[in-house]
Amino acid sequence: MSFPLAIIGTGKTGSRVLSLLESGEYEIKGLKPSLRSFNDSNPLTMEALSGCEAAIVFVPGQSLVKIAPILLEAKLPVVCGTTGFEYDDHFISKVAARGTHWVVASNFSPLICALRGALELLGKHPSLLDTQISLQETHHTGKKDAPSGTALSWKDWLGQDIQIQSFREGDVIGEHTLTISTKFENLTIQHSAKSRDLFASGAIRALEHLLRLKNESDFCGGVYTFAELEEKILCLN
């Protein structure tokens, strides 16, 4: 037996998802994945998607706008790493109305998820009242959106009104640096992705979590972040 899975988008990260799953290193629900890939040369259609049990999506924001109606109609569990797309209340209500589940993230790094709680606590600390805070992010020149979704998440988690500096250089996978300065000290938090396999393996991990949780009675249809999924899995373990 196999697990029929759609991989939508075969760019820098989507191609790594394919490679990792084809390597045999990963299984889905204990089964070997049977992969169907979609891209500009092989566009997504309802007919082609028929029989798939889930989808992993890494496409640009404008591409997701075009294919989202197909994914919603198919009512598949979806793991989506698209940035530059607004998962607004209208979209979330559409997913929930179909009783299906989407997991979305600007960054499928487990360590970034773990950092969320620390930044939320740090942002509320009274010592931040008299500080200078800077946030920089650097990505490859092909990345369209700026600031990056991860940088925007860091800003949101910190809860501080800070400016984000964005740089696009070469084939940088992803670097984020937060610096907090006072008169007498500096605190720097830096995250660097070594390989796109980080995001690819994280998306596969997210799908495993999603398939484990989707039959839980308190896991209603809707849009969840990767961080929320990680927290729910921790509560089950």
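The values are calculated or read from the model by the stated rules, or taken from the named source; none is laboratory data. Computed from a predicted model, the values in this text were never measured in an experiment. As a convention, Cβ positions derive from the backbone with ideal geometry for all residues, glycine included, and neighbour counts pool all protein chains shown. For the accessible areas, the whole protein counts, side chains as well, though only heavy atoms, and no ligand, DNA or RNA atoms are used. Shrake-Rupley method; radii C 1.70, N 1.55, O 1.52, S 1.80 Å.
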Potential extension, Ala48-Arg212 segment - 0.36 nm per residue separation minus Cα distance | 56.5 nm
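Would you kindly state how much longer the chain becomes between Thr141 and Ala118 on full extension, computed as 0.36 nm times their sequence separation minus their alpha carbon distance, in nm to one decimal?
Extra length from Thr141 to Ala118 when fully extended: 5.3 nm.
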Send over a whole-number figure in Å² for the accessible area per residue of segment 173-232, probe 1.4 Å.
-> 52 Å²
Could you give the nm distance between label points at Tyr87 and Met1, where each point is 7 Å from its Cα heading toward the beta carbon?
-> 2.9 nm
Computed FRET efficiency, Cβ-Cβ of Val172 and Glu27, R0 22 Å: what is it to the nearest 0.05?
-> 0.10
For segment 102-135 and segment 150-184, what is the separation of their Cα centres, given in Å?
-> 10 Å
Assuming R0 = 35 Å, what is the FRET efficiency of Asp197 and Leu129, from their Cβ-Cβ distance, to the nearest 0.05?
-> 0.30
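Multiplying the sequence separation of Lys94 and Lys183 by 0.36 nm and subtracting their Cα-Cα distance, what value in nm do you get?
Using 0.36 nm per residue and subtracting the Cα-Cα distance, I get 27.1 nm.
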Which peptide among 73-82, 14-23, 176-185 comes first, and what is the full order, when sorted by highest mean count of other Cβ atoms within 10 Å?
-> 73-82, 14-23, 176-185
Under 17 Å from the Cα of Lys75, which aspartates and glutamates turn up, not counting those fewer than eight places away in the same chain?
-> Glu47, Glu53
Note on the chain: contact order normalised by length, alpha-carbon pairs under 8 Å, 6 or more apart, percent, works out to 22 percent
Set Lys and Arg Cβ to +1 and Asp and Glu Cβ to -1, take the dipole of segment 94-220 about its Cα centre, and tell me which of Thr177, Gln163, Ala193 lies farthest positive.
-> Ala193
